[in-house]
Structure formats: C-alpha cells, structure tokens
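The values are calculated or read from the model by the stated rules, or taken from the named source; none is laboratory data. Fair warning: this is a prediction, and the values are worked out from it, not measured in the lab. Here the Cβ is made from the backbone with ideal geometry for all residues, glycine too, and neighbour counts use every protein chain on show.
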Amino acid sequence: MKRRAALKNVLFSATGLLTLPAWGNSWNAETLKQTKSIFTTNQAQILDILVDALIPSGEIIGAKDLETSVFINKMLSDCYEKLAQESFKNGLENADKLTKETFSKSLIECDKIHRNEVLVKLSMSTDTQQKEFFALLKQLTVLAYTTSEYVLTKHYNYVMAPGHYYGCVNV
C-alpha cells in the first residue's frame, strides 16, 4: 500500500517539474501588457495627460514615457476593488469636466500650463472624492515612476546582485 502512495507522489512531482519551466517562461513584459484596460479610450488619454503633468519629461524621462499609466491600469485592475476602480474612473471624468468648466475645452486640448492648473485645483479641492482621486493618482504615479527600471538603475544606482563572489580566494 505504501508503494502506491509513493508512486503517486513521484508522478505528481514529475508532472509539476515538467510544467514549471513553461509557467515561469510565460512571465515577461509582453504578458504583463496584455492586461485588458479598465479605462475607455478617452479615460486612458486623460490618465496619460495627468501622469505627464505630474512628472513631465525634460532632462530626465517623464512618467508618460515610462508607461506609468500601464502600471496604474494593472494595479487598479489587480489590486483594487470594483468600487475603487469606478471611483478612479469617475475622478478622470471629473478632471475633464473641471477643465471644461474652467477653460471651456477638454483636458486633451489644453496646454501644459492649463493642465498644471487643473492638478492644483484637484489637490486644493474641498470635494473629498476629487481629493481622494488626486491622492491615489499621485501615489500610483510616484510608485510606478520610482520603481521603474530606468529610475532604479540611472538615478538610484540599484544593482540587482551587488558585489561578486570569488570562490577561490582564501579567507
């Protein structure tokens, strides 16, 4: 009877070891980008604009160039509840409405100065939903930017495996 249990365990272990490389190889940048966007096309454009206004391109690469909006989409779809996702989408729409009320044109049509003014209005708003939206947008943008490969390797001098192992050196 113990022989059958041992054979069954060996069979399950061998099956697991055979499927492990296929599972590990499927994790790459392309599979991460295959996440379906929770945003409409207009909302995605507004998100790109707001992210670019928070950390603009200049002497260094900006947040839009590092595709932080893809990170934000992934975080919201995987780690936040539906209520928070809908609240974030409403925040994007409200930012566009605020821009239309203030400048009589959509956020997509505005220049950088007007976009920065919209961010200031969102941060200084007395409406708690707008304030929470701006706080989450800022938090996720900064998180995506500061944990990107570009920032870690070019500005923080992050090394994946620091030092070197010399096995033949006497201690």
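For segment 76-108, a residue qualifies if it is surrounded by 18 or more Cβ atoms within 10 Å (Cβ to Cβ) and among the acidic types (D, E), and exactly one does: D96.
Within segment 48-75, the residues that satisfy the criterion of being crowded, with 20+ Cβ neighbours inside 10 Å, part of a helix (DSSP H, G or I) and free of Cβ contacts under 8 Å to residues at least 60 places away in the same chain are S69, N73. Look at segment 98-111: where a residue is within 17 Å of V51 (Cβ to Cβ) and a partner is acidic (D, E) and surrounded by 11 or more Cβ atoms within 10 Å (Cβ to Cβ), sitting 6+ places away or on another chain with Cβ atoms under 6 Å, you get S106/D96; L107/D96.
Only residues that are of a type in the set (S, T, Y) and not in a helix (DSSP H, G or I) were counted across segment 76-94, and they come to 1. Annotation: V151 fulfils all but one of (1) modelled with pLDDT of 90 or more; (2) assigned to a helix (DSSP H, G or I); the unmet one is (1).
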